[in-house]
Structures are given as C-alpha cells and as structure tokens.
1. Could you give me the ³J(HN,Hα) list for the range 256-271, computed from phi with Karplus coefficients 6.51, -1.76, 1.60 and θ = phi - 60°, whole Hz, x at Gly and Pro?
2. Report relative contact order for the range 479-534 in percent, whole number only (criteria: Cα-Cα under 8 Å, sequence separation at least 6).
3. Across all directions of projection, what mean area in square nanometres is found for the Cα convex hull of the range 688-753?
4. At a 1.4 Å probe radius, which order do Arg636, Arg766, Arg448 fall into by accessible area, largest first?
5. Along the positive direction of the dipole of the chain (beta-carbon charges: Lys, Arg +1; Asp, Glu -1; about the Cα centre), which of Pro698, Trp726, Gly535 reaches farthest?
6. In debye to the nearest 20, how big a dipole does the chain give about its Cα centre with +1 on each Lys and Arg Cβ and -1 on each Asp and Glu Cβ?
7. Under 19 Å from a point 7 Å along the Cα-to-Cβ line of Ala649: which residues of the range 855-887 have their amide N that close?
8. Once amide H atoms are built 1.01 Å from N in the peptide plane, which residues 5 or more positions from Gly295, or in another chain, come under 5 Å H to H?
Amino acid sequence: MFRMTCRCFTALALAGSALGLTLAAPVLAQTAPAVFPVDGTLPHTAVPSHYAIAIRPDPKALTFAGTFAIDLDVPQPVPALVLNAAQITLGEATLVAPDGRRLALTVTPDAAAETVQLAAAGGIAAGRYRVEGVYTGRIDTQADGLFALDYTGNDGKPTRALFTQFEPSYARAFAPMFDEPSYKATFDLSVVVPVGRMAVSNMPVASEQPIGNGLKKVIFATTPKMASYLLFFGTGDFERLSKMTSAGVVAGIVSPKGSGEQARFALDELAGLIPYYIAYFGVNYPLPKIDNVAGPGQSQFFSAMENWGAVFTFQRDLLLDPRTTSPQQREFIEVAQAHEVAHQWFGDLVTMAWWDDLWLNEGFASWMETKATDHFHPDWFELLQRVSGREAAMGLDAYRTTHPIVQHIRTVDEANQAFDAITYQKGEAVLAMLEAYAGQDTWRDGIRAYMAAHKFGNSHTADLWNAVEAAGATGLTTIATDFTTQPGIPLVRVGEATCAAGKTTLKLTQEEYTRDRIGEPSTRRWHVPLLVSVGGGAPQRSVMADGSATLTLDGCGPVVINAGQLGYYRTLYTPTELSQLTAALPQLAPIDQRGLIADQLELGLSGYQPLSGPLELLAALPETANPRVAADAVGRFDSLYDRLDGDAAGQAALAKRVIALWKPRLDALGYDSRSSDTLPDADLRATLVSVLGHMGEPGVVAEARRRFAAFDRNPHALDGPLQQDWLAIVARNATPADWDKLARMAQASKSTVARSDLYDHLGGARDVVLAKRALDLALTDTPGKTTSASIIASVAANHSELAFDFFLAHRDAVLALVDASGQTTYVERLAGHAYSPSMVDKLTAYEQSLPADAKKPVERALGRLKNRLAIKDRIDHETLAWLKGGCIHPFASTLPTA
Ligand SMILES: [Zn+2]
C-alpha cells in the first residue's frame, strides 16, 4: 500500500478570519521544481502543490464560509496570480513569502472567466509561496459545487444533507483553485458540522473535536496528489456499513440513517471490486479506504461520481430495496459502481491532461464496468449489453453534428457537453475492438505499463496506444488513431460471396455510414480490424486497410462479417446473404443475434436497404432466445410501435404480431418473481410487461389495474421488482381519478426513490389535460428540487412539443431546476421524442438564442428530428407492408448507389 504522510490542517488555518480560526507560522511545502501543465486555460503563472481548505457551512441559509491556504511555486516573476473562482466572494488575501513576509494581495474577480486575479504591489518574484485568504460561498440546490439535498429522514422529519460535485469545473465554487485536471496537488480539508452528523471526504477522519454550540470540527487526513475535480465532502444524518477487503482497504457504503441492509448488496460488490482492479491494473489502491456515498434525489447530468476514495452515487443507483428495486436498477447498481471504482485508477490515479481526452477516463471506465460485471456475474451476460452501447454511440455518430472521440474543448460548457455517448459508449466500443485486436493478455500488459508510467500524473491518448503497442500489439496505433481522431462510422459493404473447394471468397468495400448525408461523398476511411465467421466456424482475422479488401476464408455457408460484434462499424450484406443469415439466426451466437438485428434494422431505417429484410430477421429470433437478446428484440419492436404513433390501425397490427411472438414467453415467465430467476430472466419479464403493457395487451393492462386497485386495501400490493412497470402502465392510461391517486401515493411515499418515480409517472399520462397538470405541478415546491426537471422530461416522452412550449414559457424557472452541467443537454432530451415539423422552427429559434458554445446539443436534436421527419413516410409504409405480408417496394429512393 501507498503510505501517506499526514499534514494536519491545524497548522494552516488562518489568523483573523471570519471563522475565528487561528494561524500558526506558515510551513511551506518542499516541492519539486514547477513544471507547467501543457493544456488548459489558466495562464502559466504558478503551480500549486498543496491546498488547505476549511469550510463552515450554514445549511439553513444555504451559504458557507471558508478559508484557504495554497502552497505554490512561481517559476518566473509575475505581476499577479490567476486562479479559478466561481460563485464565491473573496475577502482578504495574503501572500506569504519564503522568508515569512506577508504581502497583501489585491483581489480582482472575473465572473465571466470564472477566475480571480491576486496582484501584489511591485509584482511577485520567482519563488515558493503560500497564498492565504477568506471567502464566502453559496450552497446550491442542484448538484453543482457544494449542494443540498432535502428528504424525509428516518424520524419522519424533513432533513437536509450536503454533498459536493466538482467535475468538470465546480471545485472553483468550493474554494479558489487551479481547477484544471493537470494541476495536481494534495489536499487538507477541515469542516465544521453539527455534533451527531457524519462528515465524509476522500480520506478518513484524522481528528474530530467538539467546538461548542452543538458543533464539531472534523479534520480529514491529507489526500494523495490529485486533480481538484476529485475532492469530495458530504455531511448529514448518515450511517456507514463497512468491511475490510482482502486488499486491506476498508470499503464502506455511507447512506441516510435507517438504510440498513439496503447497502449490503453494494458493499459486497465494492469489497470485491478493489482486489479485482488491483490485480488487473497491477497497481495498488493508494488510499486506506473507499466509500460510496448515497445521496437522495437525482441529477439531470449524472448518477455517480468517482471522487477519489469517496464515490458519490444517487441513492436509487446504490441502495437495493427489495420492495421497489427493478432488475434494471439492480444491474445498474453493480455496473455504476464498477465504473466508478475503475475510475479510482483510470481517471483518479492517472488523469487526462485536459478535457480533450475525457474519453480516456470515461470510455475506459465504461469498457471496464462491463468487463468487471461480466467477471463477477457471468450469468448476467453483460457482454451482450455492449451492443446497446454501440448503437447509442452510433445514434449520435451517424450525424454531421458528431465529433471525434478526442475533441478540442475550449470552454466549461463544451466540457459539460463532452459527457456524451461518443465519449462513453463509442469509447467503450473502440476499446473493446482494440482489446480483441491486441489479445487480452497483451492489452492488459500495455495497460499495466501505462498505469505504472503515469500514476499520480497526467496522460494523453497517445500514451495509451504507445504502451499497448510496446507490449506487442503491432499496428494498433494506426487503427486506434483512425477511430479516435476522426468522427463517424465505417460502412463495410459486402459483395456476393462465392464458394469453391471449401473456401469462401468475398469482396468488401468501405464507405462512411451516415443518417443525414446518404449519397454524399465522404473521404473518411478507417483501418478496420475484421473478425469474419463462415458457416458458424471460428472467426478469422484480417484488417481492412485501404477502403477495400478481398477475403478468402476457410469454410462455406452464411457469413457474419462482424463475428462477436466487437467491431465499430456497420455491415451491409446483399439481400441473398441477409436471407441466409435470417435462416441461420437461431443457430448464431447470442451476441451475433443481437448485434446483427440491431445493425440490419438501422441500415433499413436509414435507407441503405429495404426494411423488410431486417424486419424478417427481427421476427426470426426464436421465442427461446437468450433473455438479453429477447429483451432487446422486444424493445426494438416497441420503438417501431412508437414510430407509428398517430396510426391506431398500424399500431394495432404491429401489437398483434408482437403479442403473438412474445406473449408466450411472458406466460412462461409469469408475472411474479421466482427463486429460479436469473437477473436476465427478471429483466426480460419486466421488459415484456412494460412493452406489452405499452402496446395495450389486454391481459397485462388488466393485471396492472388489478394491482393498482388492490393497493387501496393493501399498501404492499405493488411491492416487488415490477412495481414501476405496473405503475407506468396505469399512468399511461390514467383517468383523472387514477392520476389523483398516483399524486397522493407520491406525496405519502416514505421512500425518496419511490416518491420521485411516482412523480415521474404523473408526467407519463397520454391524456393531454393530465400531462398539463403534471407540468404545472413540476413548477411547485411539492415534488422537490431535484424531481421537477424529471417530471417535465417524462411529459416530453409522450408530448414533446407541449413540454418544449412549457419550457420556453418558463425557461428560467425550469433551468433553475436542472444542474448547471446538464442544462444544455436537458433541452436536447426534451426534444428527443418530437415528431412535428413545427418543432423544427421552434428548436431553430431556440438554438439561435444560445451562445455559440451551447448550441451543439440543440443542433444535434434538430438533426435527428429532421431525419425522423424525412424518413417517416417510408418507414411507416415499409412497416405496414411487412405486417400485411405483401411485397414491399422502396417508398422513396433514398438508397445510395453502390
Ligand atoms: Zn465515469
């Protein structure tokens, strides 16, 4: 284990501060010579090595007072220091020179730049200094900086807990800081909180002492050298369930008092993840403990945050309540925690130098979350879920508004927007492809070398490729560079295969797959690693290097070009080949069934081929398919059902087909949990209930109503993993009386998670009058500060334009309900289900009202909306023709010439 040297905070508190703390003689840190970070936006005037921050929150007033002391190195004479500061007000600030002289600093904030300039009369000579000061700040009610979450406590009374959220750029709202990822330093944090309240930070408590008036001062041990966005503080009426891991690190789940055994599932997972990652990365976990801290409420931006040693997770994604937790949430608890714990190495120990390389954090943690979950729960078939990630990424990447995985970030808003499916899921997909290319052992050796070389420091994308290539993955950098520095998706077009003497020969050509530029020439080309299976044989390797390839492969029979679905590209087969694959579908591996269906459907929807072939493929999936593959197929039928919105006869015809195909599987699974259920079984049951309920299957709808009615006599009638699915069906078809009952249930609910879910359901009504009532309710204080934005998003799922109009009419009030980091992407979500041409005009006008760095998400929403409108008639026509079993002629000639 890494050994810490504790530098207690008491020596660094300030004289004469607003907090009445005392200042001892400054003890200046002995640091290595300053090396400026090469990225970022702060001027290169100083490099910090250590922070001492003391905070005294006033939760009632939603304010706090703070003191700071920063040890730093000034390598060249400068007139002033420039630090980040946002939404805090600095009082006096002093520069303590190496000889102990104290110089008053002139404080000049720049609110727009989120900086503060600290100038000394006569300038600042080169040398090592300490900067000290006092300041005040505000406590937010959304998850930015230091923020408050209100909930009903264990004793039934309203209670308030405080937490911090700093990524990407809100540490500067907590204290003046060099708030960029490459300015790594150690941190001492001290806080004043009520006696009886728990305080949590990255490091364990070093000392705790009462200071009178019912308050205590808590001092945390010094952190390792780390980026400012990883600092954490939380306090409230908490309890902690903990255990020692086999790696000698204490794992703990911190949660609202009374959570009890709800934290057990997450704790057991957490305790296993630490030794697993130590073994994988070959580097020890350098802190003595790791907590995962549960916060009630939610964010429109994130679920969990990887603060080093003190992960923060919203309660719904961490605590398991058998009365309400769905199978999907249960899976998410595991996956989210596997993600955040992977970050303790990839992100916290080694950090991207600047937000351009955010994907190094997020793509990697996403890839690792799947790998770790598959390791601990092989019966969850987690690797099959990667297809959904690939499709989510391609859903953005197919449009002209996309961006490369590695992108240049200039502003805070651009950094916020970088947390998208390209950074996460395309990052994961490309890493999975590269691991397959390198081989698992070579890949891991490269990762270990990379970790060892950059621990406690920063890195760029090229450092990772160099390490893996040096471990033996020859040619990897070329492929990796193609997929990370240029945006978009390769399309591999397959020529007619011929079989002779037991060998198959086929020609492949490469283009770019796109949604909004079909037929336009593209110069983008990729080195594409291929794994091709013929006639069910083992995959054969090759690399498509220059836009075309002729393959001669062992064996004859149906050809799967992306066997194992690890390649990030689409494959367009000839109609004959697709028919052969449709016939062979029941015999294909589950991953290829799922990947092939998704890929072919998208090629049909986008117009590269008629939709009938992919629909035949979708319908050919056997009723006994792997539950993960079955759930995905049923979900794809559901989105086709949504596309037919407004055509009741068309929807009824599709529903009839889907019920005939999949209701027997639901009948076999039953409505209630069984002890023999695996998680994928439970997940498939929930998906079938949800989708068939959505399509109005009479038996499922009646069962939802029966359980909802029974709730009047028995408050536990809806308990269980399907609770939210039954309620969603009731809410969708709600009468005013149903809606009122749901509202009463929401208000009476003692579970913060169930309560916010119930409020979301109020937004799910198809009835427009009830949808309007939900919107009005969202702007009242009733649902709670972090629930309202979610209600409006829930309305948008059925009534996109209504929700968007409501947003425009109450723009400031609605945005006040969304965390600052999530504001630009929240509007994109509201418009995500829109289908009307009038929304194009409204979104265009809205986009024009935004500053340049906030336009991108709205441009993305506009691009997708225009595409949905452009293809709607063709999709409807082809879907209905397929349902009638007739011959389908392409409705509009959008097919590219090949
Ligand atoms: Zn992450």
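The values are calculated or read from the model by the stated rules, or taken from the named source; none is laboratory data. Here the structure is a predicted model, which is why all the values come from computation and not from measurement. We place every Cβ from the backbone using ideal geometry, glycine too, and count neighbours over all the protein chains shown. Heads up: the accessible areas ignore ligands, DNA and RNA and are worked out on the full protein's heavy atoms, side chains in. Shrake-Rupley method; radii C 1.70, N 1.55, O 1.52, S 1.80 Å.
1. Calculated HN-Hα couplings, in order: x, 3, x, 5, x, 6, 4, 8, 5, 4, 5, 5, 4, 5, 4, 5 Hz.
2. Relative contact order here is 37 percent.
3. Mean projected area for the range 688-753: 4.4 nm², to one decimal.
4. If we order Arg636, Arg766, Arg448 from most to least accessible, we get Arg766, Arg448, Arg636.
5. Trp726
6. 920 debye
7. Only 873-887 fall inside the zone, counting backbone N under 19 Å.
8. Close amide H contacts, sequence-distant or interchain: Thr313, Phe314, Gln315.
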